Amino acid sequence: MKKRIIIDTDPGVDDALTFLLALASPEIQLEALTTVSGNIGIDKTTRNALAVLELAHASNIPVARGCSLPLVSPLHRSGEAVHGTGGIGKSVLPEPKAKPIDQHAVDYLIERILAEPQEISLFMIGPMTNLALAIRKEPRIVQALKELVIMGGAIRSGGNITPLAEFNIHADPHAAHIVFHSGIPITLIPLDATYKCLLTTADVERLNRIDSPIARFVRDATAVYMDFYKKYEGFDGCALHDPLTLAVILAPELFTFEEHHVDVDISGGISMGKTFADFMNVSKKPANMKVALDVRGRDFIELFLERMESLCRAGL
Ligand code: BDR
Ligand code: CA
């Protein structure tokens with residue numbers, strides 16, 4: 001049976017690739033996108049979500065616009081350096097014809113999750129503002145949600161926005177704190193795993209042997225992202241942080257998971273937004289999540305490319 005998922009997102013280059021991977025995967029039914037401010041502002045993340053769905057001939061999938069500001073922290077705009085000022089690199093997608101639905105993402109999430117308890121899995125690939133507010137507004141969603149998969153955090157690895165913190169968590173650490181302490185069963189995909197999933201320029205060239213708008217989109221969208229990685233990380237390629245979350249459905253055997261109590265620092269000091277696991281169980285708190293500490297990264301990239309190739313060959 002197909003897994004029914006909603007993706008909460010701030011597209012974002014790797015966010016956009018996540019939607020395409022979901023649409024290319026017969027195991028997944030993409031029910032909706034809910035947007036949030038993160039990599040760029042909410043107007044652009046919402047526009048990009050609609051535009052990428054339209055590119056993939058999937059504008060029947062609803063998009064609900066969500067929060068424009070984090071709960072407490074000031075808004076940062078550092079995502080533009082990585083994702084380009086428009087949010088999806090050098091790609092220029094036409095202005096989408098579809099509009100976001102009238103309902104706010106927070107209310108949409110509550111309504112959809114409560115309407116079908118234990119049916120919807122939520123994939124969070126941006127700051128977690130929408131879900132944190134939904135939990136506060138309607139705590140019953142905690143029991144009703146089937147599964148929550150989060151791209152965020154850096155457990156053993158260093159951070160990518162501060163030396164200690166990962167971007168999505170740091171962008172709204174208070175929201176992450178609410179979600180981590182909510183009691184929802186969580187699968188966390190942190191930088192420890194995502195940095196092992198590097199899409200190279202050779203991979204993008206391989207995909208572009210197929211003459212297709214999607215292949216060209218992947219090339220143009222990843223261009224700025226790859227420049228950033230070359231300049232600051234010293235390698236030829238880019239990490240597929242957000243698409244890796246879908247491997248929880250598509251190929252869970254690729255991961256090495258451990259169960260731990262994981263928390264996030266919201267004390268406002270140098271480690272603000274840092275996620276940390278209680279490896280030695282000194283706090284005696286029960287595990288609140290399953291954490292991917294390792295992954296067979298190249299196997300995931302192969303899977304990603306094969307799915308993209310099938311999407312491109314399908315005439316998109
Ligand atoms: C995360 O930050 C964003 O820039 C990416 O889209 C991803 O969700 C990686 O730290
Ligand atoms: Ca993202």
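The set of residues in the range 234-280 that are without any contact (Cβ under 8 Å) to a residue 40 or more places away in the chain and assigned to a loop (DSSP other than H, G, I, E, B) comprises G234, F235, D236, G237, H261, S267, G268, G269, D278, F279, M280.
Among the residues of the range 105-128, at least one is farther than 17 Å from I5 by Cβ and among the aliphatic types (A, V, I, L, M). Listed here are the strands (runs of 3 or more DSSP E) enclosed by the range 88-197 that have at least 1 residues being over 18 Å from the mean Cα position of the chain (by Cα), and there are none.
Is there a residue being more than 12 Å from ligand 1 (Cβ to nearest atom), touching a Leu at 6+ places or on another chain (Cβ under 6 Å), farther than 24 Å from R4 by Cα and at pLDDT 95 or above anywhere in the range 188-200? Looking through the range 188-200, at least one residue is more than 12 Å from ligand 1 (Cβ to nearest atom), touching a Leu at 6+ places or on another chain (Cβ under 6 Å), farther than 24 Å from R4 by Cα and at pLDDT 95 or above. Checking D227, D172 one by one, the residue that is under 30 Å from L55 (Cβ atoms), out of contact with any Lys or Arg (no Cβ under 7 Å at 6 or more places or on another chain) and modelled with pLDDT under 95 is D227 and no other.
For the range 136-152, the condition holds for no residue, the condition being that it is within 20 Å of H177 (Cβ to Cβ), open to solvent by less than 10 Å² (accessible area, probe 1.4 Å) and touching a Cys at 6+ places or on another chain (Cβ under 8 Å). The single condition among (1) open to solvent by less than 50 Å² (accessible area, probe 1.4 Å); (2) over 24 Å from A51 (Cα atoms) that T245 does not satisfy is (2). Are any residues in the range 66-89 polar (S, T, N, Q) and more than 11 Å from ligand 1 (Cβ to nearest atom), and if so, which ones? S68, S73, T85, listed by residue number. Checked against (1) within 13 Å of ligand 1 (Cβ to nearest atom); (2) in contact with a Ser or Thr (Cβ under 9 Å, 6 or more places away or on another chain); (3) open to solvent by 30 Å² or more (accessible area, probe 1.4 Å); (4) not aliphatic (A, V, I, L, M), N160 meets all criteria but (2). Once the range 66-104 is narrowed to residues that are closer than 23 Å to F228 by Cβ and among the basic types (K, R), the residue that is least open to solvent (accessible area, probe 1.4 Å) is R77. Once the range 5-43 is narrowed to residues that are of a type in the set (D, E, K, R) and farther than 18 Å from Q103 by Cα, the residue that is farthest from ligand 1 (Cβ to nearest atom) is E27.
The values are calculated or read from the model by the stated rules, or taken from the named source; none is laboratory data. Since this is a predicted model, take the numbers as computed values, not measurements. Neighbour counts run over all protein chains shown; Cβ positions are idealised from the backbone, glycine included. Areas reflect the complete protein model, heavy atoms only, side chains present, ligands, DNA and RNA absent. Shrake-Rupley method; radii C 1.70, N 1.55, O 1.52, S 1.80 Å.
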